[in-house]
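In what follows, a structure is listed as structure tokens, so that the remarks can point back to it.
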Amino acid sequence: MNELKQEVGLQASYRFECEIPRQPGDDTVVFAEPAKVEAVLTSTGDSILADVSAKATAGLRCGRCLEAFDLPVKTQFRVEFREGADSQADENEVVRYSGDYIDLSDEVRQNIMVLLPIKPLCDEACKGLCPRCGANLNTRQCACDSSLQDVRWSVLERLGAGRKDQGSES
Ligand SMILES: [Zn+2]
Ligand SMILES: [Zn+2]
């Protein structure tokens, strides 16, 4: 991507794929396929503007029912590449480069990772797992007393073993 450097106003567009590796220590997010990226690079004379759009499918795990599900994500962003070393005066969107190539893959990864929910849900209405028997309540209704939703209660009940727990709450 170096042919743009000298000629002001020159544009070139690129399509490429960008692998998104697993984050170290995080096995809850998996990108089975690389992100698909389209970038339009414009030379401004002393920098290169990159207008990037990228899409990918994140494989996540629901925080309630623990089922795996796919979340399509897409992002659009602009970065400015300037040659040379980092400068205090650089704004956030400025990335320094040296040599003949700019590398968009870090920017693509960062812009996709920030889209991922901290607590992923397969569905806003996900019913989660039964705190007592572990059944996935989205797929079946278990026979447990649904008035006891909090897992801490079932632990307390187990501590008080022997006590009859078929409560008569109604
Ligand atoms: Zn779920
Ligand atoms: Zn249950």
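Among the residues of the range 118-136, which ones are away from ligand 2 (no atom under 16 Å from the Cβ) and surrounded by 11 or more Cβ atoms within 10 Å (Cβ to Cβ)?
Taking the range 118-136 first, the residues away from ligand 2 (no atom under 16 Å from the Cβ) are 118-125.
Residues satisfying the conditions are Pro120, Leu121, Cys122, Asp123.
Scanning the range 111-131 for residues that are β-branched (Val, Ile, Thr) and more than 16 Å from ligand 1 (Cβ to nearest atom) gives Ile112, Val114. For the range 54-85, filtering for residues that are more than 16 Å from ligand 1 (Cβ to nearest atom) and in contact (Cβ under 8 Å) with a residue 60 or more places away in the chain leaves 1.
So, of the residues in the range 97-114 that are among the polar types (S, T, N, Q) and farther than 22 Å from Val8 by Cα, which turns out to be surrounded by the fewest Cβ atoms within 10 Å (Cβ to Cβ)? Residue satisfying both the conditions and the ranking: Gln110.
Each residue in the range 47-96 was checked for being more than 26 Å from the chain's Cα centre (by Cα) and farther than 16 Å from Ala12 by Cα, and 9 of them qualify.
Read the figures in this text as sums done on the coordinates, not as results from a lab. Because the structure is a prediction, the values reported are computed rather than measured. Neighbour counts run over all protein chains shown; Cβ positions are idealised from the backbone, glycine included.
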